[in-house]
1. How compact is the range 144-215 by the rule of thumb for globular proteins, expressed as Cα Rg over 2.2 N^0.38 Å?
2. Take the range 333-384, drop everything but the C-alpha atoms, weight them equally and run the Debye formula without solvent; then report log10 I(q)/I(0) at 0.25, 0.31 Å⁻¹ to two decimals.
3. If you project the alpha carbons of the range 251-336 onto their three principal axes, what span does each projection cover, largest first, in Å?
4. With each run of n ≥ 4 DSSP H residues scored as -39500 (n - 2.57), what mean residue ellipticity at 222 nm is computed for the chain after dividing by its residue count and rounding to the nearest 500 deg cm²/dmol?
5. Per residue Cα convex hull volume for the range 379-459, in cubic angstrom?
6. For the range 283-434, build the charge dipole from Cβ charges (+1 Lys, Arg; -1 Asp, Glu) around the Cα centre, then report which of LEU414, ASN307, LEU351 sits farthest towards its positive end.
7. If each of ARG391 and TRP361 carries a label point 7 Å out from its Cα toward its Cβ, how far apart are those two points in nm?
8. So what's the Cα pair-distance distribution over the range 45-105, bin width 5 Å, in %?
Amino acid sequence: MTDETPRSPSRRHLLQVAAGTAAGAGLGGLARAGEGVPASPPRPKDASSMIGVPFEKHDRVRFGLIGCGGRGRSLLRNMLGVEGVEVKAICDLVPEKVERAQAMIEKAGQARAEGYSKGEKDFENLCARDDLDLVFVATPWNWHVRMAVAAMEGGAHVGVEVPAASTLEGCWRLVDASERTRRHCMMLENACYGWDELFVLNMVRAGELGVLTHAECAYIHDLRSLLFADRGEGLWRRFEHWRRNGNLYPTHGLGPVARYLDINRGDRFEFMVSMSSPSVGLQAYRDRTLEAGDPRRMETYDCGDMNTSLIKTAGGRSIVLQHDVISPRPYDRINLLSGTKGTFRSYPSRLFLDGQEEHEWQAVNPEERKPGGVEDRFEHALWKKLGETARGGGHGGMDYIMCWRLIECFREGLAPDMDVYDGASWSAPAPLSELSVAQRSAPLSFPDFTRGSWSEKRT
């Protein structure tokens, strides 16, 4: 089974990429941007596209969870609040975490879910059950692909936490497994369901911003204390900075932008360039906060504090994508979108429309809406319906909206909002940025995970 653990590119590997011959290395025909669109590997004979494939209708969705840490329990809490979800199975390496999740399920009035905590491969026994419709994967990144594939091969649809994969080979494995098993693999990109993001999506679909030309997005979040914590993500996430230098976590910013721009629905990411700043901030924080003799003071980190990537789409639009979890600065996903009729920008939320008398931002605040105002006219139906309930959930309510909407797609027999091609496309900038940075910001083409179907318009 292929390991998703990141590893530094060898000189030979980089030369293969530069020559456009990396298909044999499992990179899906990666090429320099000037050498044309890389060929996608052929679709397996026993597979077909999952674009637009609806879920089979379910009044009751039987659910399993792999990973009962902080993120897993947060997802579980939200799923327990959605009508029609029956939690059947729970898995984690730590038995105490399984027991805590089981107690949550029983407190919610459901029967005790079966627990799996007998070693690192016990998730395979959960995935082999024949009574699961949907499995969520909320584990460290290097486990995402193998667990998602196991869930699909076991017959369940799967929702996998972000990023879906850390390598291009992993992205292709998810695509191939979804097409072969006829099971959906959805990346759980909660940022696509935030109030701002769905508000902007409504504006885009109404034509309020005109012809879209440019977007900017990011994941800027000071995680220094978390990276050195003695629990949770502190036990593994800092290691990603040891050998990787690029955008390690692209999807929170890029996912919503991809939705605005109809990526894989009439446009596609065509190529990107990437560069990183020096790697100094994590070392400075470590040396200032850790006691002398702490073995972590011996660590070295390759990942630059700030990574900036530029993406060009087949339709000619430009995207700025950034990643910084080290610098002392406020949280920001930027979420900027420009078109011929106006521009929106989050943090704080503001809008400028062509023709405004005052040449300054117009604040957008759903808490101060006026009848007929922009917030009232373009608030998404999901937030109008679920806002009061959602705001008690994680990340300001977007987690609950995401979970509720996914189950609604099951109930109504709809195709999911986001499919495996989206998860692969939004995750791909991580490995692509590493390769570009290693080659002095060389432009690299994106694989076409849809195998030619990206130009088909759909919602």
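1. Details: Rg = 15.9 Å, N = 72, 2.2 N^0.38 = 11.2 Å.
That works out to 1.42 for the range 144-215.
2. Each listed q maps to, in turn, -1.14, -1.29.
3. 56, 23, 16
4. Numbers: 16 runs with 148 residues, N = 459.
Result for the chain: -9000 deg cm²/dmol, rounded to the nearest 500.
5. Values: hull volume 12.3 nm³, N = 81.
Convex hull volume per residue, Cα atoms: 151 Å³.
6. Ranked along the dipole, the leading option is LEU414.
7. That separation, rounded to one decimal, is 2.2 nm.
8. P(r) over the range 45-105, rounded to whole percents: 4, 16, 24, 16, 12, 12, 9, 6, 1.
The values are calculated or read from the model by the stated rules, or taken from the named source; none is laboratory data. For clarity, every value in this text was computed on a predicted model and none was experimentally measured. Note: ideal-geometry Cβ built from the backbone for every residue, glycine included; neighbour counts use all protein chains shown. We work out accessible area using only protein heavy atoms, side chains counted, and drop any ligands, DNA or RNA first. Shrake-Rupley method; radii C 1.70, N 1.55, O 1.52, S 1.80 Å.
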